[in-house]
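The values are calculated or read from the model by the stated rules, or taken from the named source; none is laboratory data. Keep in mind that this is a model prediction, so the values were computed, not measured. Using ideal geometry, Cβ is built from the backbone for each residue, glycine included, and neighbour counts are taken over all protein chains shown. Side chains are part of the model used for accessible areas, which takes the heavy atoms of the whole protein and leaves out ligands, DNA and RNA. Shrake-Rupley method; radii C 1.70, N 1.55, O 1.52, S 1.80 Å.
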Amino acid sequence: ILVGLMVFFLMVWMVPSLRELIPILFSTDSVESLKTYMRSLGFWGPLFAIFLMVLHSVVFVPSEIILFANIYIYGFALGLLYTWIGSMLGAYLSFYLARLFGKPLVEKFVSIEKHEKFDRWFQKNGTFGLFILRLIPLFSFNLLNYGSGLVSITFWQFTWSTALGIIPPMMVMGWLYINSLQTNWGLIILFVLIVSIVLIKFYKKGSYAKYSRRI
(Lines give C-alpha, C1' and ligand atoms only; values in the text may rest on other atoms or scores of the structure.)
Protein backbone atom coordinates (compact mmCIF):
# COMPACT_ATOMS: atom_id res chain seq x y z
CA ILE A 1 0.00 0.00 0.00
CA LEU A 2 2.81 2.40 0.91
CA VAL A 3 4.64 1.64 -2.33
CA GLY A 4 1.45 2.26 -4.28
CA LEU A 5 0.88 5.60 -2.56
CA MET A 6 4.52 6.58 -3.12
CA VAL A 7 4.19 5.86 -6.84
CA PHE A 8 0.96 7.87 -6.95
CA PHE A 9 2.50 10.94 -5.32
CA LEU A 10 5.64 10.56 -7.45
CA MET A 11 3.51 10.65 -10.60
CA VAL A 12 1.65 13.72 -9.33
CA TRP A 13 4.92 15.45 -8.42
CA MET A 14 6.63 14.69 -11.75
CA VAL A 15 3.71 15.65 -14.00
CA PRO A 16 2.37 19.19 -13.47
CA SER A 17 -0.86 18.39 -15.33
CA LEU A 18 -1.64 15.64 -12.83
CA ARG A 19 -1.15 18.09 -9.97
CA GLU A 20 -4.00 20.15 -11.41
CA LEU A 21 -6.18 17.03 -11.29
CA ILE A 22 -6.34 16.92 -7.49
CA PRO A 23 -8.47 20.05 -6.93
CA ILE A 24 -10.70 19.04 -9.86
CA LEU A 25 -11.40 15.66 -8.23
CA PHE A 26 -12.63 17.36 -5.07
CA SER A 27 -14.42 20.30 -6.68
CA THR A 28 -18.20 20.64 -6.89
CA ASP A 29 -18.15 21.40 -10.63
CA SER A 30 -19.83 19.17 -13.17
CA VAL A 31 -18.18 15.82 -13.85
CA GLU A 32 -17.96 17.01 -17.45
CA SER A 33 -15.04 19.21 -16.39
CA LEU A 34 -13.25 16.16 -15.03
CA LYS A 35 -13.90 14.28 -18.27
CA THR A 36 -12.59 17.17 -20.36
CA TYR A 37 -9.51 17.59 -18.22
CA MET A 38 -8.63 13.87 -18.15
CA ARG A 39 -8.87 13.69 -21.93
CA SER A 40 -6.62 16.74 -22.22
CA LEU A 41 -3.81 14.95 -20.35
CA GLY A 42 -2.84 12.95 -23.39
CA PHE A 43 -0.69 9.93 -22.56
CA TRP A 44 -0.84 10.57 -18.81
CA GLY A 45 -4.62 10.24 -18.55
CA PRO A 46 -4.83 6.58 -19.64
CA LEU A 47 -1.65 5.82 -17.68
CA PHE A 48 -3.29 7.17 -14.53
CA ALA A 49 -6.45 5.14 -15.23
CA ILE A 50 -4.35 1.99 -15.65
CA PHE A 51 -2.41 2.72 -12.47
CA LEU A 52 -5.65 2.93 -10.45
CA MET A 53 -6.51 -0.62 -11.51
CA VAL A 54 -3.04 -1.81 -10.52
CA LEU A 55 -3.51 -0.11 -7.14
CA HIS A 56 -6.76 -2.06 -6.80
CA SER A 57 -4.62 -5.19 -6.30
CA VAL A 58 -3.30 -4.00 -2.94
CA VAL A 59 -5.88 -1.41 -1.82
CA PHE A 60 -9.65 -1.84 -1.52
CA VAL A 61 -10.79 0.34 -4.40
CA PRO A 62 -14.00 -1.00 -6.02
CA SER A 63 -12.92 -1.91 -9.55
CA GLU A 64 -16.46 -1.32 -10.86
CA ILE A 65 -16.21 2.39 -10.07
CA ILE A 66 -12.86 2.64 -11.90
CA LEU A 67 -14.37 0.78 -14.88
CA PHE A 68 -17.35 3.13 -15.06
CA ALA A 69 -15.11 6.20 -14.77
CA ASN A 70 -12.85 4.95 -17.58
CA ILE A 71 -15.83 4.26 -19.84
CA TYR A 72 -17.34 7.65 -19.06
CA ILE A 73 -14.10 9.48 -19.83
CA TYR A 74 -12.70 7.48 -22.76
CA GLY A 75 -15.73 5.72 -24.23
CA PHE A 76 -16.80 2.08 -24.12
CA ALA A 77 -13.98 0.48 -26.14
CA LEU A 78 -11.01 2.46 -24.79
CA GLY A 79 -12.45 2.48 -21.27
CA LEU A 80 -12.63 -1.32 -21.32
CA LEU A 81 -9.14 -1.57 -22.83
CA TYR A 82 -7.49 0.63 -20.18
CA THR A 83 -9.31 -1.21 -17.40
CA TRP A 84 -8.29 -4.58 -18.85
CA ILE A 85 -4.63 -3.56 -19.11
CA GLY A 86 -4.62 -2.29 -15.52
CA SER A 87 -6.38 -5.45 -14.35
CA MET A 88 -3.78 -7.67 -16.01
CA LEU A 89 -0.85 -5.70 -14.58
CA GLY A 90 -2.47 -5.81 -11.13
CA ALA A 91 -3.07 -9.55 -11.50
CA TYR A 92 0.60 -10.13 -12.35
CA LEU A 93 1.64 -8.00 -9.37
CA SER A 94 -0.49 -10.03 -6.95
CA PHE A 95 0.55 -13.33 -8.55
CA TYR A 96 4.27 -12.66 -8.21
CA LEU A 97 3.96 -11.14 -4.75
CA ALA A 98 2.38 -14.43 -3.67
CA ARG A 99 5.14 -16.41 -5.40
CA LEU A 100 7.82 -14.28 -3.77
CA PHE A 101 6.52 -13.98 -0.19
CA GLY A 102 4.24 -17.02 0.09
CA LYS A 103 1.36 -17.62 2.51
CA PRO A 104 2.34 -15.01 5.16
CA LEU A 105 1.67 -12.24 2.63
CA VAL A 106 -1.34 -13.85 0.96
CA GLU A 107 -3.10 -14.22 4.31
CA LYS A 108 -2.93 -10.42 4.69
CA PHE A 109 -5.25 -10.11 1.70
CA VAL A 110 -7.13 -13.42 1.59
CA SER A 111 -8.69 -15.40 4.43
CA ILE A 112 -7.25 -18.84 5.18
CA GLU A 113 -10.67 -20.38 4.67
CA LYS A 114 -11.13 -18.85 1.23
CA HIS A 115 -7.64 -19.76 0.12
CA GLU A 116 -8.16 -23.39 1.17
CA LYS A 117 -11.44 -23.52 -0.77
CA PHE A 118 -9.75 -22.07 -3.84
CA ASP A 119 -6.86 -24.52 -3.52
CA ARG A 120 -9.27 -27.48 -3.39
CA TRP A 121 -11.21 -26.12 -6.37
CA PHE A 122 -8.02 -25.65 -8.40
CA GLN A 123 -6.67 -29.09 -7.57
CA LYS A 124 -9.94 -30.58 -8.82
CA ASN A 125 -10.61 -28.39 -11.88
CA GLY A 126 -7.22 -27.00 -12.87
CA THR A 127 -6.67 -23.93 -15.04
CA PHE A 128 -10.11 -24.21 -16.65
CA GLY A 129 -11.60 -24.03 -13.17
CA LEU A 130 -9.76 -20.74 -12.60
CA PHE A 131 -11.13 -19.47 -15.92
CA ILE A 132 -14.68 -20.34 -14.81
CA LEU A 133 -14.24 -18.42 -11.54
CA ARG A 134 -13.01 -15.39 -13.49
CA LEU A 135 -16.35 -15.28 -15.27
CA ILE A 136 -18.24 -14.79 -11.98
CA PRO A 137 -18.00 -11.14 -10.76
CA LEU A 138 -18.81 -12.01 -7.13
CA PHE A 139 -15.58 -14.00 -6.77
CA SER A 140 -12.83 -11.75 -5.46
CA PHE A 141 -10.42 -10.71 -8.20
CA ASN A 142 -7.59 -10.46 -5.69
CA LEU A 143 -8.39 -13.84 -4.12
CA LEU A 144 -7.90 -15.53 -7.48
CA ASN A 145 -4.70 -13.58 -8.17
CA TYR A 146 -3.01 -14.21 -4.83
CA GLY A 147 -4.36 -17.74 -4.58
CA SER A 148 -3.00 -18.61 -8.02
CA GLY A 149 0.47 -17.61 -6.87
CA LEU A 150 0.45 -20.48 -4.38
CA VAL A 151 -0.71 -23.29 -6.66
CA SER A 152 0.99 -25.22 -9.47
CA ILE A 153 0.12 -23.02 -12.41
CA THR A 154 2.43 -21.66 -15.12
CA PHE A 155 2.69 -18.03 -16.17
CA TRP A 156 0.93 -18.72 -19.48
CA GLN A 157 -1.88 -20.70 -17.86
CA PHE A 158 -2.46 -17.84 -15.44
CA THR A 159 -2.29 -15.35 -18.30
CA TRP A 160 -4.84 -16.92 -20.64
CA SER A 161 -7.33 -17.81 -17.91
CA THR A 162 -7.16 -14.27 -16.51
CA ALA A 163 -6.95 -12.34 -19.79
CA LEU A 164 -9.96 -14.12 -21.28
CA GLY A 165 -11.91 -14.68 -18.07
CA ILE A 166 -12.16 -11.03 -17.02
CA ILE A 167 -13.42 -9.76 -20.38
CA PRO A 168 -17.08 -10.98 -20.26
CA PRO A 169 -17.82 -9.56 -16.74
CA MET A 170 -16.21 -6.25 -17.71
CA MET A 171 -18.25 -6.04 -20.90
CA VAL A 172 -21.50 -6.86 -19.06
CA MET A 173 -20.83 -4.24 -16.36
CA GLY A 174 -19.84 -1.72 -19.01
CA TRP A 175 -22.99 -2.45 -21.01
CA LEU A 176 -25.14 -2.01 -17.88
CA TYR A 177 -23.43 1.32 -17.20
CA ILE A 178 -23.90 2.64 -20.75
CA ASN A 179 -27.57 1.65 -20.81
CA SER A 180 -28.22 2.97 -17.30
CA LEU A 181 -27.42 6.48 -18.53
CA GLN A 182 -30.49 6.41 -20.78
CA THR A 183 -33.09 6.48 -17.98
CA ASN A 184 -33.36 7.48 -14.34
CA TRP A 185 -34.46 3.96 -13.48
CA GLY A 186 -31.30 2.65 -15.09
CA LEU A 187 -29.18 4.91 -12.90
CA ILE A 188 -31.03 3.74 -9.79
CA ILE A 189 -30.53 0.06 -10.70
CA LEU A 190 -26.83 0.66 -11.40
CA PHE A 191 -26.40 2.50 -8.10
CA VAL A 192 -28.07 -0.34 -6.19
CA LEU A 193 -25.86 -2.86 -8.02
CA ILE A 194 -22.64 -1.02 -7.13
CA VAL A 195 -23.64 -0.56 -3.49
CA SER A 196 -24.59 -4.25 -3.26
CA ILE A 197 -21.23 -5.38 -4.66
CA VAL A 198 -19.31 -3.09 -2.29
CA LEU A 199 -21.35 -4.20 0.74
CA ILE A 200 -20.87 -7.88 -0.13
CA LYS A 201 -17.11 -7.38 -0.35
CA PHE A 202 -17.02 -5.48 2.94
CA TYR A 203 -19.17 -8.15 4.60
CA LYS A 204 -16.83 -10.89 3.44
CA LYS A 205 -13.87 -8.88 4.70
CA GLY A 206 -15.57 -8.42 8.10
CA SER A 207 -16.40 -12.11 8.29
CA TYR A 208 -12.75 -12.92 7.72
CA ALA A 209 -11.72 -10.60 10.58
CA LYS A 210 -14.09 -12.44 12.97
CA TYR A 211 -12.81 -15.80 11.69
CA SER A 212 -9.19 -14.72 12.31
CA ARG A 213 -9.96 -13.63 15.88
CA ARG A 214 -11.56 -17.01 16.62
CA ILE A 215 -8.40 -18.74 15.40
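Quick notes on this one:
- Rounded to the nearest whole Hz, the Karplus-based 3J(HN,Hα) values (6.51 cos²θ - 1.76 cosθ + 1.60, θ = phi - 60°) of the stretch 139-145 follow the sequence 6, 4, 4, 5, 4, 5, 5, with x at glycine and proline.
- Apolar share of the accessible surface for the stretch 118-160: 68 percent from carbon plus sulfur atoms, 1.4 Å probe.
- Annotation: amide H-H contacts under 5 Å for residue 58 (H modelled 1.01 Å from N, sequence separation of 5 or more, or interchain): none.
- Pair residue 76, residue 123: separation of 7 Å Cα→Cβ label points (nm): 4.4 nm
- Difference of contour (0.36 nm per residue) and Cα-Cα distance, residue 36 to residue 139: 33.7 nm
- Computed label-point distance, nm, for sites residue 152 and residue 112 using a 7 Å Cα→Cβ extension: 2.5 nm
- Accessible surface for the stretch 44-97, divided over its residues, is 34 Å² per residue with a 1.4 Å probe.
- Highest-first arrangement of 119-131, 82-94, 38-50, 66-78, where packing means the average Cβ count within 10 Å: 82-94, 66-78, 38-50, 119-131
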